[in-house]
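Next up is a structure, given as structure tokens.
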Amino acid sequence: MSGDAETGSLSLASRIGGLLISAVVGVVYGAVATVGHRHVLRIGEVMIPWGLVAALVGVAALLLGIRLLTHGRATAAAAAAGIVIIVAVLTLPGPGGSVLVAGDLAGTVWAVAPALIGVLIVAWPELPSRSRRSRAAADVHA
């Protein structure tokens, strides 16, 4: 069943509520991941940016999970917008001049990659469900 057919049965209030909840979840995760993206593991002279990797994997997992659970793009787009907005806000200098997202490679990757991941997951085409594939195969063989 397509996402449009399923969301057509939901009331306007439940769709708006779902979008708002999804956006708030995106904002909360984006804020937490912005604080954690700077963590590194130092092994001798090598620095492994595990915080950045974990934050980006988390963004992808969150958006993909929302997209798969809701069978639609709108709620995943709302969560992606929440993530991108809070990352943009936390990139700005605070009242004392301190920043959470520094202007180095890790900061630049963190400022850009969540938006790219969001666009990729929201724009990815919807694959036909197993039941539609089996019906289409049965129609071809009949």
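Hey, can you tell me all the residues within segment 9-50 that are surrounded by 15 or more Cβ atoms within 10 Å (Cβ to Cβ) and either in contact with a Phe, Trp or Tyr (Cβ under 9 Å, 6 or more places away or on another chain) or of a type in the set (Asp, Glu) (or both)?
Across segment 9-50, the qualifying residues are ALA33, THR34, HIS37, ARG38, HIS39.
Here is a check on your reading of the model: is LEU56 without any contact (Cβ under 8 Å) to a residue 12 or more places away in the chain and either part of a helix (DSSP H, G or I) or in contact with a strand residue (DSSP E or B) (Cβ under 7 Å, 6 or more places away or on another chain) (or both)?
When the stated conditions are applied, LEU56 does not pass them.
If a residue must be more than 14 Å from ALA31 (Cβ to Cβ) and exposed (fewer than 12 other Cβ atoms within 10 Å of the Cβ), how many such residues does segment 87-105 contain?
Number satisfying all stated conditions: 8.
Where a number appears in this text, it was derived from the coordinates with a stated rule and is not lab data. It should be emphasised that the depicted structure is a prediction, and the values quoted were computed from it without experimental measurement. Glycine gets a Cβ as well: all are built from the backbone with ideal geometry, and neighbour counts include every protein chain shown.
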